[in-house]
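Readers should treat all values here as calculations from the given coordinates under stated rules, not as data from a laboratory. Just so it is clear, the model here is predicted, and its values are computed rather than measured. We place every Cβ from the backbone using ideal geometry, glycine too, and count neighbours over all the protein chains shown.
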């Protein structure tokens, strides 16, 4: 689907939404028509699928849409427990109205400015190619922030390990030095008995 065909699809979806805002579709279960369940009708499910499919195709083709159509975060039904038929219809109409506004904005932007620009393929961009020498400025601009946090955490852990090992080894030397001082012979010219008295 090219962008012009996508806009044609949006126009058709907008026209359908306009009709449903005035009179929501009814869910026919075969033995009864259930009011307040417009979001379950095959017509609406197809409508929503067509919109989501078109959006996905345009994003996959690299188009930067001029506005957001928030189809994925709208439920088109009341979510609270014990919602009445009227609650469901009101929520359906409200969500449909908001979606129609967003669809109409994308259509309007196309009519005014034409096809939107495509995303730049950053992986193939020449300005992101690594230079012969990696400067600090190039690294800061091109290395993701997650890598920097990983490096900081790694060096912090290494530093903490070295510090802890140094404290442990230093403690061993301090213990050895204290033991040597206690066991060193006293140079007073006499012998030392076990009670610590000298001759």
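What does the extension gain come out to for residue 19 and residue 152, with contour length at 0.36 nm per residue minus their alpha carbon separation?
Stretched fully, the residue 19-residue 152 segment lengthens by 42.1 nm.
Gain in length, residue 28 to residue 138, computed as 0.36 nm per residue apart minus the alpha-carbon separation, to one decimal in nm?
33.4 nm
Express in nm, to one decimal, how much length is gained between residue 68 and residue 11 on full extension, taking 0.36 nm for each residue of separation and deducting their alpha carbon distance.
Answer, rounded to one decimal: 18.9 nm.
Suppose each label sits 7 Å from its Cα in the direction of the beta carbon; what would the residue 1-residue 145 distance come out to in nanometres?
3.4 nm
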